[in-house]
Amino acid sequence: MWTHSERREQYSHPAIQRALQFIHQHLTEGICVADVVREAGLSHSQLNLLFHRQFHLSIREYITRKKVEQAEYLIVHSSLPIKEIAIRSGYSDLHHFNKVIRRYYGVSPRVLRDRRG
């Protein structure tokens, strides 16, 4: 699920390319920023600066955004139970998943499904 900006600029820095590839391959596994930093081969501050320059997001914010986008797609386009969607989106804690979805969309996952489905 690459955005236009990611496709267009994914080669702007090799560390960004490595980080994005790692994030997209491991998104549902509950990855942490340290994993991404290690894969990219830069310090946390260096990689975070590159993410801010390219995406206007921190590494953590980028990971969360991608997880939420994946969850939103499944909420709207599948009949999977919300708990299963949370797990498939990299969230083991359903309460935390509900809070994150509410923060992004202003409603619970169930309401989001009802409104957009």
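Quickly run through the range 61-96 and pick out the residues that are among the hydrophobic types (A, V, I, L, M, F, W, C) and under 18 Å from F22 (Cβ atoms).
Within the range 61-96, I63 is the sole residue that qualifies.
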Could you figure out which of (1) more than 30 Å from L112 (Cα to Cα); (2) modelled with pLDDT under 95 isn't true of C32?
(1)
Just checking, which of L20, L57, L80 is out of contact with any Cys (no Cβ under 6 Å at 6 or more places or on another chain), in contact (Cβ under 8 Å) with a residue 12 or more places away in the chain and at negative phi?
L20
Checking A71 against (1) assigned by TED's automatic domain parsing to the domain that holds I87; (2) surrounded by fewer than 19 Cβ atoms within 10 Å (Cβ to Cβ), only one condition comes out false. Which one?
(2)
Taking the range 1-24 on its own, how many of its residues are at pLDDT 90 or above and either crowded, with 16+ Cβ neighbours inside 10 Å or over 11 Å from the mean Cα position of the chain (by Cα) (or both)?
11
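The values are calculated or read from the model by the stated rules, or taken from the named source; none is laboratory data. These numbers come from a predicted model, not from an experiment. Note that each Cβ is placed from the backbone with ideal geometry, even for glycine, and that neighbours are counted across all protein chains shown.
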